[in-house]
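The values are calculated or read from the model by the stated rules, or taken from the named source; none is laboratory data. Given the structure is predicted, the values throughout are model-derived calculations rather than measurements. Cβ placement follows ideal geometry from the backbone for every residue including glycine, while neighbour counts extend to all protein chains displayed.
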Amino acid sequence: MEYTQGQQHPISLYLKIWGLLFILSTLSYLVDYFQFHGLLRWGLIVTFMLLKAGLIVSIFMHMAWERLAIIYAILIPPLCLLVLLGMMAAEADYIFLRRLLFFGSGG
Amino acid sequence: MALFPRGPAVVENRAPPAEPEAPGGLQGFYLDWSSDREAFKQVPWGKAMMWIFLLSDTFVFSCFLIGYMAVRMTTTEPWPNTSEVFALTLAGHSIPLILIAIMTFVLISSSGTMAMAVNFAYRRARIRTGLLMLATALLGATFVGMQAFEWSKLIGEGVRPWGNPEGAAQFGASFFMITGFHGLHVSIGVVYLSIVALKVLRGHYESSGNYQVVEIAGLYWHFVDLVWVFIFAFFYLW
């Protein structure tokens, strides 16, 4: 019996994604090279990062062609991390202000 | 009979029920989870387990990165400028972050060769699959080599987990912990891929024609690349 398992996509698809990942990496490197600052820098870094991550997960890891049952089981739980991120950021802000108050800004 | 497309728990003494094509979309999601049996239809169990392992690994790496965020936000000392710390002098010019950029391209290339290996595996092109996997492992080993170079360069400059000449002491702790744990993953991946590649080349999977192992190894490898995307953005570029 021949295996019908596995996904058949043309090789050109992978080469295109590979090329896109190269371009996105170059762009995020250029953000540093041209010394962008502030909101523009963070916005660009996060945008390129999410695009790259999305391409890797959906195409290279074949998530785009899986059933919703496994997509949700894998991709929803990490959203809890955003809660942890938010709580830690609030906590860190508070600690930073306390340190400024007690140690002085000179450290 | 050695084929386990949905796991080994096949009841022998009755014919498998003729399964109608499972509906997709939200209705499929609901039916899959409420059917009181396998939820992940059309997903081999090895692949499902690898995904769940990767999910747990996501939490580990995220905890490291969020911890790094916390120490970086709370320190009152200036954070070292990664652009300068990781600059290399090539042909008389100091190029910022160049080694990290090259490492990024090497790892992305290894992901590209791995994706093609998975594709050739399902076409049962055994030799091409094995060679592409070995190429992936080689690129991974190159990455680890460059990371070793980076570590020794920084250690030579006096960066330690408890302090460094450039600024906040927490920089060293975050750097060695995060890149070290990632490098360990890459190293394990190199060994893992090499073993599977050699088995593929020897024709170990020819009799069953089941090349899912290649895709499962590929998932692990793409995940290692995925983690690097986040480390590159948050640790090196931020």
### Message
Looking at the structure I just gave you, is B:PHE105 over 30 Å from B:GLY167 (Cβ atoms) and assigned to a helix (DSSP H, G or I)?
### Response
no
### Those residues of region B:93-128 which are crowded, with 18+ Cβ neighbours inside 10 Å, of a type outside the set (A, V, I, L, M) and closer than 18 Å to A:PHE60 by Cα, in sequence order
B:THR104, B:SER109, B:SER110, B:SER111, B:GLY112, B:THR113, B:ASN119, B:PHE120, B:TYR122
### Summary
Taking region A:38-68 and keeping residues in contact (Cβ under 8 Å) with a residue 12 or more places away in the chain, over 19 Å from B:ALA117 (Cα atoms) and at the interface with chain B (Cβ under 7 Å from one of its Cβ atoms) leaves A:ILE45, A:MET49, A:LYS52
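To keep it simple, each residue is scored yes or no on (1) more than 25 Å from the chain's Cα centre (by Cα); (2) within 12 Å of another protein chain (Cβ to nearest Cβ).
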| site | (1), (2) |
| --- | --- |
| B:TRP162 | yes, no |
| B:GLY172 | no, no |
| B:PHE176 | no, no |
| B:HIS182 | no, no |
| B:GLY189 | no, no |
| B:TYR211 | no, yes |
| B:TRP221 | no, yes |
| B:TRP228 | no, yes |
| B:TYR236 | no, yes |
### Task
May I ask you to verify whether B:SER194 is closer than 30 Å to B:PRO44 by Cα and at pLDDT below 95?
no
## Note on the structure
From the option list B:GLY167, B:GLY158, B:GLY218, single residue qualifying as surrounded by fewer than 20 Cβ atoms within 10 Å (Cβ to Cβ) and touching a residue at least 24 places away in the same chain (Cβ under 8 Å) is B:GLY167
### Query
Is it the case that A:ILE11 is over 18 Å from the mean Cα position of the chain (by Cα), at pLDDT 90 or above and either among the hydroxyl-bearing types (Ser, Thr, Tyr) or under 30 Å from B:VAL43 (Cα atoms) (or both)?
yes
### Search result, residues across region B:27-43 that are more than 8 Å from A:ARG67 (Cβ to Cβ) and within 7 Å of chain A (Cβ to nearest Cβ)
B:TRP33, B:ALA39
## Note on the structure
Checked B:VAL213, B:VAL200, B:VAL190, B:VAL186 against criteria (closer than 30 Å to B:ASN81 by Cβ and either outside any loop (DSSP other than H, G, I, E, B) or basic (Lys, Arg) (or both)); the one match is B:VAL186
### Query
Looking at this structure, is B:SER83 at the interface with chain A (Cβ under 10 Å from one of its Cβ atoms) and either within 28 Å of B:GLY203 (Cβ to Cβ) or at pLDDT 95 or above (or both)?
no
### Task
Would you point out which residue out of B:THR74, B:THR89 is farther than 21 Å from A:VAL57 by Cα and either buried (at least 17 other Cβ atoms within 10 Å of the Cβ) or facing chain A (nearest Cβ under 10 Å) (or both)?
B:THR74
### Query
In this structure, is B:LEU131 surrounded by fewer than 19 Cβ atoms within 10 Å (Cβ to Cβ), over 18 Å from the mean Cα position of the chain (by Cα) and in a helix (DSSP H, G or I)?
yes
### Query
Which condition breaks for B:SER207 when tested against (1) of a type outside the set (D, E, K, R); (2) part of a helix (DSSP H, G or I); (3) farther than 18 Å from B:TRP45 by Cβ?
(2)
### Message
Just to check your reading of the model, which residue among A:VAL83, A:VAL31 is closer than 22 Å to B:VAL227 by Cβ and modelled with pLDDT under 95?
### Response
A:VAL31
